[in-house]
Amino acid sequence: MESILFWVFSIAAIGGALGMVGTLRNTVYSALWLVVSMLALACLFIMLNAQFVGLIQIMVYAGAIVVLFLFVVMLLNLTGGVMGAEEQPLLKFVGVALAVAVSLQLGSILLRIELPWPEVSPEYGTTAEIGRALYTDYLLPFEVAGVLLLAAIVAALAMAKRERG
Amino acid sequence: MSEYAGLGLFMALGAGTILLLLVLTSVLGPRLRFAEKDEPFECGESPLVSPYRRFPVKFYMVAISFIIFDLEVVFLYPWAVVFRDLGWYGLLVAAPFLSMLSIALAYEWMKGALEWD
Amino acid sequence: MEIPVGHYQFVAAALFMIGVVGMLVRRNVIVMFMSIELMLNAANLSFVAWSRLWDSIDGQIFVFMVMVVAAAEVAVGLAIIISLIRNRDSVNIEEASLLKW
């Protein structure tokens, strides 16, 4: 049962990623393929006992980041001729060949790893456990994340907002 | 994994209900076709408009605010769950984070990014 | 847990390589940007799988930090893309070759 789920979600994640990169005509479809990939990844997280991270993945990536991408695509109306030429056969060939070679290499190593999974407590990956770690051991990264978010909002407003008058 | 059986059942039931309703309407529903019924419902507007038209950039401002404060909420979920265990310490460590994002909100307000026009 | 950890790592590696290909092959700024998101997510999967293997929560916390970086990057990066396209009226990255215009 679990292996079936793993293969279904893995193929969905990889297929969504391929669809995103491979959709040439309409950027909206690329973004929707990305949603497929993100949802499949969230399911894989949940299979790895990371329930909270999986739900956050859906909330942040599928619910906010891809929506922002779609907004920008609609905002700029990127469906017609603004796209420009994308023909670069040599670059395409070299890129794909390189990626396939590296993936096969990595696969030959990674697929042979046979480390046993440890038993984890039922608490593992729950919101409470994440909270305890985040607010004690990882306090400084948490505060720095707040600073980063502030910087992001200031920068984005400065870039996109035009002064009136 | 077995604790997700209920979720799987729920999703199967949801999909089944939708499929059942679609099949039932296509089998049982009466068919009356005329030109006005076949066009998409557009409230009297001309239906022949491309759905891809430029949105005003105002929507982007809302989307940026949403994404940043969405992340804030993501960090506050675990805080809310362990709040009683942490006690005053929890309030103390969350205060800098929250004030940082309050500054972000105040900055947006000052720049007028929260106003629609 | 019948699936060994290497399989999860392989899925992460494959997703990362697809992101790299997207960066190398596509010339549409927005799709290139989505490829970056994909690479970040592949790293997330790797983090979660390893942290489950060592029975530690650290990898999951790190996923949070990656998500914060991704959100900040998207907010700023898409603002840059918007002003780029307003000025040049194209999403082709090759046209953004001047520092000042």
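The values are calculated or read from the model by the stated rules, or taken from the named source; none is laboratory data. What you see is a predicted model; the values in this text were computed from it and never measured. FYI the Cβ positions are ideal-geometry reconstructions off the backbone, even for glycines, and counts take in every protein chain you see.
Here are the numbers for the structure shown:
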read-out: Count of region C:22-39 residues which are polar (S, T, N, Q) and assigned to a helix (DSSP H, G or I); value: 1
read-out: Residue check for A:Ser10: of a type in the set (Gly, Ala, Ser) and closer than 20 Å to C:Phe47 by Cα; value: yes
read-out: Every residue from region B:78-96 that is closer than 20 Å to C:Val63 by Cα and either in contact with a strand residue (DSSP E or B) (Cβ under 6 Å, 6 or more places away or on another chain) or buried (at least 17 other Cβ atoms within 10 Å of the Cβ) (or both); value: B:Pro78, B:Trp79, B:Val81, B:Val82, B:Ala94
read-out: Which numbered condition C:Val5 misses (of (1) within 20 Å of B:Val73 (Cβ to Cβ); (2) of a type in the set (Val, Ile, Thr); (3) in contact (Cβ under 8 Å) with a residue 24 or more places away in the chain; (4) within 7 Å of chain A (Cβ to nearest Cβ)); value: (1)
read-out: Every residue from region A:51-77 that is buried (at least 21 other Cβ atoms within 10 Å of the Cβ), facing chain B (nearest Cβ under 7 Å) and either under 28 Å from A:Ser121 (Cα atoms) or in contact with a Ser or Thr (Cβ under 7 Å, 6 or more places away or on another chain) (or both); value: A:Ile56, A:Val60
read-out: Positions within region A:1-30 being facing another protein chain (nearest Cβ under 7 Å), within 17 Å of C:Met34 (Cα to Cα) and surrounded by 22 or more Cβ atoms within 10 Å (Cβ to Cβ), in sequence order; value: A:Ala13, A:Ala17, A:Met20, A:Val21, A:Thr27, A:Ser30
read-out: Matching entry among A:Gly146, A:Gly131, A:Gly125 (being part of a loop (DSSP other than H, G, I, E, B) and within 28 Å of B:Arg84 (Cβ to Cβ)); value: A:Gly125
read-out: Residue list for region B:103-117, filter: of a type outside the set (A, V, I, L, M, F, W, C) and exposed (fewer than 12 other Cβ atoms within 10 Å of the Cβ); value: B:Glu115, B:Asp117
read-out: Unique residue being more than 7 Å from chain A (Cβ to nearest Cβ), free of Cβ contacts under 8 Å to residues at least 60 places away in the same chain and assigned to a helix (DSSP H, G or I) when the list is C:Ala42, C:Ala79, C:Ala70, C:Ala49; value: C:Ala42
read-out: A:Ser108 among the polar types (S, T, N, Q) and modelled with pLDDT of 90 or more; value: yes
read-out: Condition met for B:Ser46 (surrounded by 15 or more Cβ atoms within 10 Å (Cβ to Cβ) and either at pLDDT below 90 or outside any helix (DSSP H, G or I) (or both)); value: no
read-out: Neighbours by Cβ (under 6 Å, 6+ apart or cross-chain): first from region B:55-76, surrounded by fewer than 19 Cβ atoms within 10 Å (Cβ to Cβ); second at pLDDT below 85; value: B:Phe55/A:Met74; B:Phe55/A:Leu75; B:Phe59/A:Phe71
read-out: Positions within region C:82-92 being buried (at least 17 other Cβ atoms within 10 Å of the Cβ) and in a helix (DSSP H, G or I), in sequence order; value: C:Ile82, C:Leu84, C:Ile85
read-out: Failed item, numbered, when C:Arg26 is tested on (1) without any contact (Cβ under 8 Å) to a residue 12 or more places away in the chain; (2) surrounded by fewer than 19 Cβ atoms within 10 Å (Cβ to Cβ); value: (2)
read-out: Residue satisfying all of: in region B:79-117; within 23 Å of A:Pro141 (Cα to Cα) and of a type in the set (D, E, K, R); farthest from the other protein chains (Cβ to nearest Cβ) among these; value: B:Arg84
read-out: Subset tally (residues that are within 24 Å of the chain's Cα centre (by Cα), more than 7 Å from chain C (Cβ to nearest Cβ) and at pLDDT below 80) for region A:78-105; value: 1
read-out: Residues (more than 13 Å from chain B (Cβ to nearest Cβ) and surrounded by fewer than 14 Cβ atoms within 10 Å (Cβ to Cβ)) located in region A:112-156; value: A:Arg112, A:Glu114, A:Leu115, A:Pro116, A:Pro118, A:Glu119, A:Ser121
read-out: Residue within region C:55-66 that is touching a Phe, Trp or Tyr at 6+ places or on another chain (Cβ under 6 Å), within 7 Å of chain A (Cβ to nearest Cβ) and either of a type outside the set (Phe, Trp, Tyr) or assigned to a helix (DSSP H, G or I) (or both) present; value: yes
